[in-house]
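S.K.: A single structure is presented below for examination.
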Amino acid sequence: MNTSFAETTVAGGGEQSPPSHSVAFANETELADWIALLKPRVMSLVVFTGLIGVLVAPGAINPVLAFTAVLCIAVGAGACGAINMWYDRDIDALMRRTRNRPIPAGRMPPGPALGFGITLAAASVLLMFIATNAVAAGVLALSIGFYVFVYTMWLKRRTPQNIVIGGAAGAFPAVIGWAAVTGSVAPLPLVLFAIVFFWTPAHFWSLALYANSDYAAAGVPMLPVVAGAKETRRQIMLYALILVPVSLVPWAMGFSGPVYGAAAAVLGAGFLVSTWRVLRDRQDAAGSSLTNDAPARAAFRYSIAYLFILFAALAVDRLVG
Amino acid sequence: MTDVPPPASESQEIWRRRRGRNRALILVLAALAALFFAISIVKLAQHPDLFTISLDGPNPSAVQKAPAKP
């Protein structure tokens, strides 16, 4: 019953006319599906980095305005998720990991999902402007536009470097949080931007290594699909080697104290070890893992913990020091 | 094409979903109203001059003083 929309929207047809009560039934989308459009799991990392941007920024901000700024970052990220699900509904239907999303599963027609996303995007930018300042609202608008137009619509289906450049969209929240407090952009938030930017490829390609059949089925040119697993492992190691020195910059430039410096060094060493294991994973001549990509799975999990702890250490350092 | 009435169980499901969505919408609207109220109070506290209303004439801080005659 609930698949009535899948036939008419995912395939892009629209000619079929199911019985009207089926349409009415399917139109009553579950609240959970509206929430799923916002990609809550992705949102948690965005909210966290945005909050860190607010906490480490110099100066004071009223807690109500700080809360509003973080809320706007979260809603903006959710809007990106909804618009992404609208645009990618055809390839989402082809991938096991995404085929149960509200649109490809037929629980929601695409139009309302797009409207929901655009409304949230506009509301988040407007509220950010009202509550904080034009710089924060402008960077938020830029990040939403970058994710939707540059990553989702342009890069994702065209180049294996999609998540490298598109990763910039996920790196904006710390800058937005900082700008919400100070009304400007300074070197430290740009370093935080760089940390998330160089962290993203290792994080996503670790996932792509063991989910590449999904991407291949959908025709998404992720690096393991286009260049193979061996090259992907090499690139993961390369980005880890760039990330670790970049993560030490806040300490080296005196933006943070020893707590952050020690955390960055220890976590960075762990990151290098986990990516080294990915590189040295037992594999056949074609590069296919003989361990069911256990090191890549471990590296993916570690990368999430890495970013959370690293940024938390920065906040602790700034608040205590 | 004539409409086929939905079965009772489907109708109940529609109402259940609609009720859940409406409750969520009420909560979101109430939270938004509270948020806008709180933002207004904070802004008022930060820029009291902008919101001063005087019954005795225009807000003195909002009116530029004319230069004194020699």
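S.K.: For region A:56-89, how many residues are of a type in the set (D, E, K, R) and more than 15 Å from residue A:38 (Cα to Cα)?
M.R.: 0
S.K.: Within region A:162-171, does at least one residue satisfy the condition of being farther than 21 Å from residue A:191 by Cβ and either free of Cβ contacts under 8 Å to residues at least 24 places away in the same chain or surrounded by 21 or more Cβ atoms within 10 Å (Cβ to Cβ) (or both)?
M.R.: Yes: one or more hits.
S.K.: Could you tell me whether region A:92-110 includes any residue that is within 14 Å of chain B (Cβ to nearest Cβ) and crowded, with 24+ Cβ neighbours inside 10 Å?
M.R.: There is at least one residue in region A:92-110 that is within 14 Å of chain B (Cβ to nearest Cβ) and crowded, with 24+ Cβ neighbours inside 10 Å.
S.K.: Take region A:55-64 and flag every residue that is part of a helix (DSSP H, G or I) and either surrounded by fewer than 24 Cβ atoms within 10 Å (Cβ to Cβ) or not assigned by TED's automatic domain parsing to the domain that holds residue A:170 (or both).
M.R.: The answer is A:55, A:63, A:64.
S.K.: Could you count how many residues in region A:139-161 are of a type in the set (D, E, K, R) and open to solvent by 30 Å² or more (accessible area, probe 1.4 Å)?
M.R.: Looking only at that region, the number is 2.
S.K.: Checking the conditions here, which among A:247, A:289, A:303 is of a type in the set (Ser, Thr, Tyr) and in contact with a Gly (Cβ under 7 Å, 6 or more places away or on another chain)?
M.R.: A:247
S.K.: So which residues in region A:253-287 are under 23 Å from residue A:57 (Cα atoms), open to solvent by 30 Å² or more (accessible area, probe 1.4 Å) and modelled with pLDDT under 95?
M.R.: Answer for region A:253-287, where residues must be under 23 Å from residue A:57 (Cα atoms), open to solvent by 30 Å² or more (accessible area, probe 1.4 Å) and modelled with pLDDT under 95: A:253, A:254, A:255, A:258, A:259.
S.K.: Exactly one condition in (1) over 28 Å from residue A:92 (Cα atoms); (2) of a type in the set (A, V, I, L, M, F, W, C); (3) assigned to a helix (DSSP H, G or I) is not met by residue A:285; state its number.
M.R.: (3)
S.K.: Among the residues of region A:38-54, which ones are hydrophobic (A, V, I, L, M, F, W, C), assigned to a helix (DSSP H, G or I) and over 11 Å from residue A:182 (Cα atoms)?
M.R.: Matches in region A:38-54: A:42, A:43, A:45, A:46, A:47, A:48, A:51, A:52.
S.K.: Further, regarding this structure: Within the group A:188, A:243, A:238, A:209, which residue is out of contact with any Leu (no Cβ under 8 Å at 6 or more places or on another chain), among the hydrophobic types (A, V, I, L, M, F, W, C), in a helix (DSSP H, G or I) and open to solvent by 50 Å² or more (accessible area, probe 1.4 Å)?
M.R.: Result: A:238 is the single residue among A:188, A:243, A:238, A:209 that is out of contact with any Leu (no Cβ under 8 Å at 6 or more places or on another chain), among the hydrophobic types (A, V, I, L, M, F, W, C), in a helix (DSSP H, G or I) and open to solvent by 50 Å² or more (accessible area, probe 1.4 Å).
S.K.: Here's a follow-up. Out of A:232, A:275, A:291, I need the residue that is polar (S, T, N, Q) and in a loop (DSSP other than H, G, I, E, B). Which one?
M.R.: A:291
S.K.: Out of A:10, A:42, which single residue is surrounded by 19 or more Cβ atoms within 10 Å (Cβ to Cβ), modelled with pLDDT under 90 and under 23 Å from residue A:156 (Cα atoms)?
M.R.: After ruling out the rest, the residue left standing is A:10.
The values are calculated or read from the model by the stated rules, or taken from the named source; none is laboratory data. Just so it is clear, the model here is predicted, and its values are computed rather than measured. Neighbour counts run over all protein chains shown; Cβ positions are idealised from the backbone, glycine included. Heads up: the accessible areas ignore ligands, DNA and RNA and are worked out on the full protein's heavy atoms, side chains in. Shrake-Rupley method; radii C 1.70, N 1.55, O 1.52, S 1.80 Å.
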